[in-house]
Structure formats: structure tokens, C-alpha cells
Amino acid sequence: MTRVVQVLTQGTGGPVDHAVDVATELARRGVDSHVLGPRPVDAPGVTWHATTVAGKTDGRGARDALALLRALRADVVHAHDRRAGWLARLAAPVLAAPVVYTLHGVPDGLSDLVPGNMRAAGRRRRDRLYYLTGERLVTRWARARVVVPSAAVATYAVERVGLPERAVSVVHNGVDPDRWRPAPVPGGPVTVLWSGVLGGVKRVGLLLDALAAVPHARALVVGDGPERGLVERRAAEPALAGRVELTGWLEDPAPAYARAHVLALTSAAENLPLTLLQGMACGLPALATAVGGVPEVVRDGVDGLLVPADDAAALTAALRTLAGDAGLRERAGRSARDRVEQSFSLDRCVDGLERVYAEVRG
């Protein structure tokens, strides 16, 4: 039986949710599936191993994680978040197993190097050294395969990081359509669901600007982060009062999707966000910025509406269109659900990963 170990150093976030979904589906397929990381994983057939690597300088945590990895004698080691990726690739010569690393995202200071993205933060001196030169060297050292969830980030990995094309595989993210399902269309005002980290690159303020200009709509904001106070203050302004509900992080966001009519994604930069796939699987038309891998999923005018990043006027116009046309929302929502079922399901994603695993094992 093939043993595959997913490696994490984060306890929350998209890479964690994705890794657990992958591990669970692999176990369902009969793979000896393991997750090594700080968050308990309670999934059928998946064995969880508790490890904590608190930061780049946590030498003891790194040594403990590597000792466990060596003891597991994996057939494939698949690292996800950045710290896990460095850990597994640096240790590749002593693991006696091929290493796969999923490049889930690009630092905000380099985000504009991904086709379609805008720069989300100022560049730091270390960004090129750590995320370009360092990534290239550590991947070559490990002879690792880099998986990217979008063609846009594949272009970045080859043209900017300098990885050879043979070392990069596009495997689109996927979600389970049986878990994320359409609910009956809710009554009341048109509700736009926004989910993510309240800060910087996600540009939640753009949604609030648009909402202020479309008075018959309301917003359900799921998430937390450094701009939570700003969102709360803006939600109390006369133009938005009573129309913005902020839930914080939700352990299970599915009930929130069931309360919405539209999914909004306002980011200045993305790879291929799971929240977009989840909302589309739930039958919500997308109102999204055309950044990163988003146009690889959302067909403008078919599965929703795409707008340029940081274009408040375009976002407002698109919101007004979707909020005012129930027929368009119904058609686009049905198409969005079909799109995920046919091309962006968890099953298709794991099919792609298993092909990568077979290739790296030779």
C-alpha cells in the first residue's frame, strides 16, 4: 500500500483545509494516508501526527518533525505551506522519498509577478532572495516537484522563480460537491457573501464601497484579520448601517453560503481560492476580480461577472447588475455549480495529484 504524508506547519488556512481534504480522499481510495502538522485531523482512514514548528528559528521543532518523517518511511512526502515546503525540501536527501510541494500562494510583495495580479504590498529586500532565488535553489537541491493550483502561478514559477517546466505541474484545486451543495434560494434582500482575511490584499473595502452605492443589497462578511475594526466602523456608517453582518471565522461556513445569493471576491491578487470554488459549488454566481487563477475558473457572463482589480466603479456596476437580475443570478449560479462538478471537484484534483505521485516515484 502506498504511503503518502501531507506535511503542514500551519494550523489554519486554505493550505491546511486543502491538505486535509486531499488526505481524506486519498484514504478513501485505499492509500495509507497521513497528515503531519499542529492541528488534529479527525478524518476516516487518515492518521494524524502532532508536530509543531513554530517558526524559521524553531530548530527543535524542525528536528522532531524530520525525525517523525524519517520514521514514517513515506513513499511520497507532500508539503503544503511555505515553512513545510522548505523543511521537506531541505531534508529530501535523508527522507528516501520524493518530495512534492504545493505552491499555494505568492508573497504580497511579489504578487504582481503573477499574470493578472496586482502588487499587494511593498517589496522587501529579502523577497527576491528568499522567494525567487531561494525557491529555485531549494527545489533543485531536493529534485522536488512543485504543484501549482493555477496556470497563472505556473507561469510565475517558470518565468520568475526560474524552475524548469518539467519540475512544475498544474493541478487545480478542487472541492467536494457532495459537501458544498446548493440550498434553497433565501428570501429577503440580495445578500452578497464575502469570505477571507480582513486585510490588505483581500480588499474588502471595495465591497463596502460598492454596497454603499447599491442600497437594496446587503453583505455577509465571514472572516477576521487586521482590518476588522475598520470594517466594523464602516458598517456603522449611515450608507451601510444594518446592511453588513460580520460573523468572524466560522468552523463550518456552509450555512453562511446557504444565506447568500452572490459570492464576492475582491482581491488584488490570488492563486486559486477555495472559497471561490466552495461558493460556486453551492450554486452562487461569482462577482470576482479577474486576478491570478480566477479567470481559469469563472467564465465572465456565464458563471458570474469578472471585473478588473481595484476598480471600484466596475465592481459597483457588476454588483448592481447581479443584485437587480434574479434570472441572471439563477442561470449563473447553476452554471457555476456545473463548472465545479465537471472541472474543479476534489475527485479531479486528487486524480491529478496521484498522477504526480506516480511520476515522481518513477
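Selection within region 209-223: residues that are open to solvent by 10 Å² or more (accessible area, probe 1.4 Å) and modelled with pLDDT of 95 or more. The member of this set that is farthest from Val190 (Cα to Cα) is Asp209.
When we screen Val53, Val41, Val31 for residues that are crowded, with 20+ Cβ neighbours inside 10 Å, within 20 Å of the chain's Cα centre (by Cα) and among the β-branched types (Val, Ile, Thr), the only hit is Val41. Within region 10-56, the set of residues being part of a loop (DSSP other than H, G, I, E, B), β-branched (Val, Ile, Thr) and modelled with pLDDT under 95 comprises Thr12, Val41, Thr51, Thr52, Val53. I'd like to check something: does region 126-149 contain any residue that is touching an Asp or Glu at 6+ places or on another chain (Cβ under 7 Å), touching a residue at least 12 places away in the same chain (Cβ under 8 Å) and farther than 22 Å from Pro93 by Cα? Scanning region 126-149 turns up no residue that is touching an Asp or Glu at 6+ places or on another chain (Cβ under 7 Å), touching a residue at least 12 places away in the same chain (Cβ under 8 Å) and farther than 22 Å from Pro93 by Cα. Considering region 57-74, the residues that are open to solvent by 80 Å² or more (accessible area, probe 1.4 Å) and assigned to a loop (DSSP other than H, G, I, E, B) include one that is modelled with the highest pLDDT, namely Arg73.
Somewhere in region 240-263, is a residue in contact with a helix residue (DSSP H, G or I) (Cβ under 6 Å, 6 or more places away or on another chain), within 30 Å of Leu353 (Cα to Cα), outside any helix (DSSP H, G or I) and open to solvent by less than 30 Å² (accessible area, probe 1.4 Å)? So far as region 240-263 goes, yes, one or more of its residues are in contact with a helix residue (DSSP H, G or I) (Cβ under 6 Å, 6 or more places away or on another chain), within 30 Å of Leu353 (Cα to Cα), outside any helix (DSSP H, G or I) and open to solvent by less than 30 Å² (accessible area, probe 1.4 Å).
Can you say whether Gly292 is assigned to a loop (DSSP other than H, G, I, E, B), within 19 Å of Asn173 (Cβ to Cβ) and of a type in the set (Gly, Ala, Ser), as far as the supplied structure shows? Yes: the conditions hold for Gly292. Of the residues making up region 318-347, those that are open to solvent by 50 Å² or more (accessible area, probe 1.4 Å) and not basic (Lys, Arg) are Thr321, Gly324, Asp325, Ala326, Glu330, Asp338, Glu341, Gln342, Asp347. Examine region 174-194 for a residue that is more than 30 Å from Val356 (Cβ to Cβ) and within 19 Å of the chain's Cα centre (by Cα), and state whether such a residue exists. For region 174-194, residues more than 30 Å from Val356 (Cβ to Cβ) and within 19 Å of the chain's Cα centre (by Cα): present. Restricted to region 75-166, the set of helices (runs of 4 or more DSSP H) holding at least 1 residues that are surrounded by fewer than 16 Cβ atoms within 10 Å (Cβ to Cβ) and of a type in the set (Asp, Glu) is empty. Taken as a whole, the structure places Gly362 among residues that are open to solvent by 10 Å² or more (accessible area, probe 1.4 Å), within 30 Å of Arg28 (Cα to Cα), modelled with pLDDT under 95 and not aromatic (Phe, Trp, Tyr). Got at least one residue in region 282-290 being at pLDDT 95 or above, farther than 22 Å from Asp108 by Cα and open to solvent by 30 Å² or more (accessible area, probe 1.4 Å)? No. For the residues Val294, Val307, Val356, the requirement of being under 20 Å from Val147 (Cβ atoms) and either without any contact (Cβ under 8 Å) to a residue 24 or more places away in the chain or touching a helix residue (DSSP H, G or I) at 6+ places or on another chain (Cβ under 7 Å) (or both) singles out Val294.
Results for (1) in contact (Cβ under 8 Å) with a residue 12 or more places away in the chain; (2) touching a Phe, Trp or Tyr at 6+ places or on another chain (Cβ under 9 Å); (3) of a type in the set (Asp, Glu), shown as yes or no for each residue.
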| residue | (1), (2), (3) |
| --- | --- |
| Ala219 | yes, yes, no |
| Leu230 | yes, no, no |
| Pro238 | no, no, no |
| Arg243 | yes, no, no |
| Thr247 | yes, no, no |
| Val262 | yes, no, no |
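If the condition is being touching an Asp or Glu at 6+ places or on another chain (Cβ under 6 Å) and under 18 Å from Arg89 (Cβ atoms), then region 150-170 contributes Val158, Val161. With respect to being exposed (fewer than 15 other Cβ atoms within 10 Å of the Cβ), closer than 24 Å to Cys349 by Cβ, modelled with pLDDT of 95 or more and among the aliphatic types (A, V, I, L, M), Ala183 fits the description.
The values are calculated or read from the model by the stated rules, or taken from the named source; none is laboratory data. Remember, it's a predicted structure, so these values are computed and weren't measured experimentally. Virtual Cβ from ideal backbone geometry, glycine too; neighbours counted across all protein chains shown. Heavy atoms of the whole protein, side chains included, go into the accessibility calculation; ligands, DNA and RNA do not. Shrake-Rupley method; radii C 1.70, N 1.55, O 1.52, S 1.80 Å.
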